[in-house]
Each structure stands twice: as C-alpha cells, then as structure tokens.
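Since the structure comes first, as structure tokens, the remarks are kept for the end.
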Amino acid sequence: MRRSDQRRDAVFALYQHEVTGRPLEEMLAGAKPFTRELAEEVDTNRAELDELISRHSKGWALERIAPLERSIMRTALFEALHSDDVPVEVAIDEAVELAKEYCGADAPGFVNGILGAALEESGAVD
C-alpha cells in the first residue's frame, strides 16, 4: 500500500474519531503501522495543530471548518512540522489532493491557504 493511501486512511480515521466520538484505536483496527502511527501522533498533537489552523483561518472559527478539512490540515501540518522524511511541499500537495477528491469545491484553496500561511509562519517554507 502506498504511503499516500495510508496517509488518506489516517485522515479518515481521525475524521471518523472526531465525528463519531468513538475511540481512535477502534478507527485504526487493522490499519498499517504508518497509518496507525501518523493518526496517533496527529491526535496527540491536536491542540498545537488546531491552534495553528485557528490562527490562520481568518474569519472562520475552528468549529466552522468541516471536520474532514480539519483532519486533512492537521495531518499535513503534523507531517510538515514533525516528520523529517516528508518534504513540506509533499505534505501540502497531498492535503490539497485529498481536499479536491473528498471535500467541496472551495476546500482545496482554503486548505492550501491555511497550510501555506501556517507553515510560512513556522519557518517550514520560505
């Protein structure tokens, strides 16, 4: 299974966890090791990631952002900031592609804008 597919699975596990309130562990039953590790790390760092998203989502309270878009952005931010083996551009590109495939028409631009601003502020991108 490709890493991008496992990344997508981690995003959906995080999304289902948030929407249903069921334990993340339950959402990760049978998941590949990379999927499990990524989802657990994103969940552990959720407060930091949400703060970054909130700071850069001008005019949008975090709660107003669709849960799937939040999960996509959390995952991309985590990888861009905390994974040495994932280039920032890859994290952003994959997040935008997930938003194109699974979210509304405005989501890819919204996701790209927030990720770009947050990662620029953090020094991850020039």
So, in the range 9-25, of the ones that are assigned to a helix (DSSP H, G or I) and either at pLDDT below 95 or open to solvent by 60 Å² or more (accessible area, probe 1.4 Å) (or both), which residue ends up farthest from residue 90 (Cα to Cα)?
20
Of residues in the range 69-97 being within 16 Å of residue 108 (Cβ to Cβ), open to solvent by less than 10 Å² (accessible area, probe 1.4 Å) and not aliphatic (A, V, I, L, M), the one nearest to the chain's Cα centre (by Cα)
75
With respect to residue 120, determine if the residue is without any contact (Cβ under 8 Å) to a residue 24 or more places away in the chain, charged (D, E, K, R) and either part of a helix (DSSP H, G or I) or out of contact with any strand residue (DSSP E or B) (no Cβ under 7 Å at 6 or more places or on another chain) (or both).
yes
Can you confirm whether the range 26-40 contains a residue that is at pLDDT 95 or above, within 22 Å of residue 118 (Cα to Cα) and not small (Gly, Ala, Ser)?
yes
Residues that are within 18 Å of residue 125 (Cβ to Cβ) and touching a Gly at 6+ places or on another chain (Cβ under 6 Å), at least 2 per element: which helices (runs of 4 or more DSSP H) completely within the range 41-103 meet that?
none
Specify which of the listed residues (61, 66) is surrounded by fewer than 18 Cβ atoms within 10 Å (Cβ to Cβ) and over 14 Å from the mean Cα position of the chain (by Cα).
61
Of the residues in the range 32-53, those that are over 13 Å from the mean Cα position of the chain (by Cα) and buried (at least 18 other Cβ atoms within 10 Å of the Cβ) come to 36
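The values are calculated or read from the model by the stated rules, or taken from the named source; none is laboratory data. Just so it is clear, the model here is predicted, and its values are computed rather than measured. Note that each Cβ is placed from the backbone with ideal geometry, even for glycine, and that neighbours are counted across all protein chains shown. Keep in mind that these areas ignore ligands, DNA and RNA; they rest on the heavy atoms of the full protein, side chains included. Shrake-Rupley method; radii C 1.70, N 1.55, O 1.52, S 1.80 Å.
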